[in-house]
Amino acid sequence: MASEAAAQMNFQTMEHPAPMPIDQRTQVLLTPGFGTQFTDHMVSIEWSDTRGWHNGVIGPRHPIQLDPAAAVLHYAQEIFEGLKAYRHPDGTAALFRPEANAKRFNDSARRMAMPELPEEMFLEAIRLLVEKDNGWIPEEEGSSLYLRPFMFASEAFLGVRPAKRYKFLVIASPAGNYFKSGAPAVSIWVSSDYTRAAPGGTGAAKCGGNYAASLVPQAEAIERGHDQVVFLDAAERKWIEELGGMNLFFVFDDGRVLTPALTGTILPGITRNSLITLLREEGLTVEEGRYSLEQWREDATTGKLVETFACGTAAVVTAVGRVSGHDGEFTIGTGGPGQLTQKMKDRLTGIQRGLVADSHGWVKKLG
Ligand code: PLP
Ligand code: COI
């Protein structure tokens, strides 16, 4: 049904009357940072209970008008995705596993009582935007064009029930290193006062509310001189879950690798899933299970744990060097990036950038 619906969506195209001049854009692309610069265009599609998905437009990026009673502003019915377009050596643009983002978007939509978007329509919206803003894909190693599809409840209604009108938009932002420091390994703060998600909650959905709830503990991490916050489980306050915007992997001296299992309270990362496959191809044993903060500290201290890395679309693969909490601090390995972390980062980014063969059909060339 998805492709039928996509075929019915004739996107209207509107040219930007004054796109950013090329020399100015070239300057932006040299040091893109993360999430502060935006391309010239955006895609929008609307949904209503009477018409379904309609009014697909690719046109100039512009501020959106919202009624002050729009449900998203009151009850946070909002979900989003994050994926990247990469410049390949042959000059083409490519996406990495965009169908996985389309699928996760709909998983999030169901959890938040929102309409699903046909996967083909999600993919077509992204393809159109990357085609239109192709000149915005940075070429530097470590840079890419970050794509942000999102959907929110636009109906003006203050009763608490699923809205009857939504907007789906895609915007794009040239991206370099997610971490401002650009340090080879990040340091993280264990939040003991706050949790991110409880069993039965929305932790596995990519909804804005999860990130709103993470801002205070994230600010606490920054205040204490760390890059990111790591959350423990909400029930026992014992097991490591994930960072504010990344999944975690633990590497042991016997060739075993562990990552927290998808129990419903953490985001099922596409980078996480890809790395599990790539690590197994390296002959390593990857377990999805539980790992306590106490064990992490003990294993790091005895040297049984040799590396820890965080991963996600924005953060790619980033070594964790130092961990602090109310109970003190510990260092992992040498405090810098370990061998396996570096190897997996090179392998994953090599596939994404078209430098390493993609034997999984993960890379979608757009031309
Ligand atoms: N966990 C959280 C909370 C995230 O926001 C993200 C980023 O999307 C991830 C994990 C990693 O997911 P992915 O690898 O699909 O980007
Ligand atoms: C991503 O990696 O795409 C995310 O959404 C994480 C966010 C912290 C930027």
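The values are calculated or read from the model by the stated rules, or taken from the named source; none is laboratory data. Keep in mind that this is a model prediction, so the values were computed, not measured. Backbone-built Cβ (ideal geometry, glycine too); neighbour counts: all protein chains shown.
What the table below lists for this structure:
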item	result
Considering residues of the stretch 23-42 that are on the phi < 0 side of the Ramachandran plot and within 16 Å of ligand 2 (Cβ to nearest atom) only, the residue surrounded by the fewest Cβ atoms within 10 Å (Cβ to Cβ)	T36
Matching residues in the stretch 183-208 - criterion: being more than 16 Å from ligand 2 (Cβ to nearest atom) and either part of a loop (DSSP other than H, G, I, E, B) or out of contact with any Leu (no Cβ under 9 Å at 6 or more places or on another chain) (or both)	A183, P184, A185, S187, S192, D193, Y194, T195, A198, P199, G200, G201
All positions within the stretch 157-181 that are in a loop (DSSP other than H, G, I, E, B) and more than 16 Å from ligand 2 (Cβ to nearest atom)	F157, L158, G159, V160, R161, P162, A163, K164
In the stretch 170-186, the residues that are modelled with pLDDT of 85 or more and of a type in the set (A, V, I, L, M)	V170, I171, A172, A175, A185, V186
Checking A212 against (1) surrounded by 18 or more Cβ atoms within 10 Å (Cβ to Cβ); (2) of a type in the set (A, V, I, L, M); (3) within 15 Å of ligand 2 (Cβ to nearest atom), the condition it does not meet	(1)
Positions within the stretch 42-90 being without any contact (Cβ under 8 Å) to a residue 60 or more places away in the chain and basic (K, R), in sequence order	R51
Meets criteria (surrounded by 16 or more Cβ atoms within 10 Å (Cβ to Cβ), more than 16 Å from ligand 2 (Cβ to nearest atom) and over 22 Å from the mean Cα position of the chain (by Cα)) for L284	yes
Some residue of the stretch 289-311 being closer than 29 Å to G33 by Cα, of a type in the set (F, W, Y), assigned to a strand (DSSP E or B) and more than 16 Å from ligand 2 (Cβ to nearest atom)	no
Any pair with Cβ under 6 angstrom, 6 or more apart, that starts in the stretch 269-285 at a residue that is within 25 Å of A205 (Cα to Cα) and ends at one that is within 16 Å of ligand 2 (Cβ to nearest atom) and part of a helix (DSSP H, G or I)	I270/A100
Residue within the stretch 332-340 that is without any contact (Cβ under 8 Å) to a residue 60 or more places away in the chain and surrounded by fewer than 17 Cβ atoms within 10 Å (Cβ to Cβ) present	yes
Tabulated pairs, the stretch 229-243, first outside the structural domain of E329 (by TED's automatic domain parsing), second more than 14 Å from ligand 2 (Cβ to nearest atom), C-beta under 9 angstrom, 6+ apart or interchain	none
Within the stretch 215-249, considering residues that are out of contact with any strand residue (DSSP E or B) (no Cβ under 6 Å at 6 or more places or on another chain), closer than 25 Å to Y75 by Cβ and in a helix (DSSP H, G or I), the one nearest to ligand 2 (Cβ to nearest atom)	L215
Qualifying residue in the stretch 253-266 (condition: outside any loop (DSSP other than H, G, I, E, B), at pLDDT 95 or above, within 16 Å of ligand 1 (Cβ to nearest atom) and under 13 Å from the mean Cα position of the chain (by Cα))	no
Residue count for the stretch 344-367, restricted to those that are in a helix (DSSP H, G or I) and surrounded by 15 or more Cβ atoms within 10 Å (Cβ to Cβ)	7
